[in-house]
1. Which of the residues spanning region 143-179 are among the aromatic types (F, W, Y) and under 24 Å from E69 (Cα atoms)?
2. Consider region 118-158. How many of its residues are open to solvent by 30 Å² or more (accessible area, probe 1.4 Å), under 21 Å from D103 (Cβ atoms), part of a loop (DSSP other than H, G, I, E, B) and not charged (D, E, K, R)?
3. Taking region 159-179 as the search range and keeping residues that are of a type outside the set (S, T, Y) and not in a helix (DSSP H, G or I), which one is farthest from the chain's Cα centre (by Cα)?
4. Counting only residues that are surrounded by fewer than 19 Cβ atoms within 10 Å (Cβ to Cβ) and either at positive phi or in contact (Cβ under 8 Å) with a residue 12 or more places away in the chain (or both), how many does region 80-89 have?
5. Can you find, within region 172-186, the residue that is nearest to F54 (Cα to Cα) among those that are without any contact (Cβ under 8 Å) to a residue 60 or more places away in the chain and open to solvent by 30 Å² or more (accessible area, probe 1.4 Å)?
6. Taking into account only those residues within region 106-117 that are in contact with a helix residue (DSSP H, G or I) (Cβ under 7 Å, 6 or more places away or on another chain) and either open to solvent by less than 60 Å² (accessible area, probe 1.4 Å) or under 13 Å from T93 (Cβ atoms) (or both), which is modelled with the lowest pLDDT?
7. Tell me, which residue of region 56-79 that is surrounded by 14 or more Cβ atoms within 10 Å (Cβ to Cβ) and polar (S, T, N, Q) is farthest from S25 (Cα to Cα)?
8. In the set A169, A162, which member is more than 22 Å from L10 (Cα to Cα) and surrounded by 21 or more Cβ atoms within 10 Å (Cβ to Cβ)?
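The values are calculated or read from the model by the stated rules, or taken from the named source; none is laboratory data. As the structure is a prediction and not an experimental result, all values here were calculated from the model. Here the Cβ positions follow ideal geometry from the backbone for every residue, glycine too, while neighbour counts run over all protein chains shown. Please note that ligands, DNA and RNA were not included when accessible areas were found on the heavy atoms of the full protein model with its side chains. Shrake-Rupley method; radii C 1.70, N 1.55, O 1.52, S 1.80 Å.
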Amino acid sequence: MAESTAPEALDPGEEARSLWYALISRLFYAPPDSELLAGLSAGLAEGADEESAFLQTWRALQLACRGAEPQALREEFEALFIGVGKAPVTPYTSAYAATHAPDRHLLALRERLGAWGLGRREQVFEAEDHISALCDAMRWLIMQGYALDEQRAFFQEFVAPAVPLFCNAIKRSPTADFYLKVGEFTRLFIAVETDAFDMHTTT
């Protein structure tokens, strides 16, 4: 298992990153219940003209949470990501990052996670390349204080090549409504992360 240098207290910016990853992981693992919807819609305020595109998508998601019915969201989630037979939009990122060799991509991911002592629990059905698992791995790396270089390496190999394409697949789906907002929020967050890692590389 790779060593980490977990800080006693995370930098506020790093803590915010970990929370965004945690939220995305939760929303794509299961549809939000009434408690989560209430929490996400709390504190919604008028956006400023100069607000970033990412924050605009965050406010759009908060607004979508207001008045959303958990049962309707469950039906949308199941229609999108589970379906009958084959899901219209697969949440398994190997399908986007490695269309010609998804098994090889999943094996590489398992090896990387295994080096950190991470792996799928026996009672968990989803494979390690589920978008929720990838986002949770990024959250874990941040919370454990791994260096940005190591975070970036994982992000560039397993997250950046697949997640935007996954979000595009949601956008093309005629059954997506609430998850259109979740997908756009996720796409913009990944774009922000990409830019931030690029800036770190050049400094």
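1. Passing the criteria: F178, Y179.
2. Here the count works out to 4.
3. So in region 159-179, the residues of a type outside the set (S, T, Y) come out as 159-172, 174, 176-178.
Now narrow it down to the ones that are not in a helix (DSSP H, G or I): 160-162, 174, 176-177.
Values: A160: 11, P161: 13, A162: 11, P174: 21, A176: 17, D177: 18 Å.
Ranking the qualifying residues of region 159-179, first place goes to P174.
4. Of region 80-89, the ones surrounded by fewer than 19 Cβ atoms within 10 Å (Cβ to Cβ) are 82-88.
Those left that are additionally either at positive phi or in contact (Cβ under 8 Å) with a residue 12 or more places away in the chain (or both): 83, 85, 88.
Adding up the residues that qualify gives 3.
5. Looking at residues that are without any contact (Cβ under 8 Å) to a residue 60 or more places away in the chain and open to solvent by 30 Å² or more (accessible area, probe 1.4 Å), I get L180.
6. Looking only at region 106-117, we keep the residues that are in contact with a helix residue (DSSP H, G or I) (Cβ under 7 Å, 6 or more places away or on another chain), and these are 106, 109, 112-113.
Checking which are either open to solvent by less than 60 Å² (accessible area, probe 1.4 Å) or under 13 Å from T93 (Cβ atoms) (or both) leaves us with 106, 109, 113.
On the way: L106: 91, L109: 94, L113: 95.
Among them, the one singled out is L106.
7. Top of the filtered list is Q56.
8. On the way: A169 fails: surrounded by 21 or more Cβ atoms within 10 Å (Cβ to Cβ).
Going through A169, A162 in turn, just one is more than 22 Å from L10 (Cα to Cα) and surrounded by 21 or more Cβ atoms within 10 Å (Cβ to Cβ): A162.
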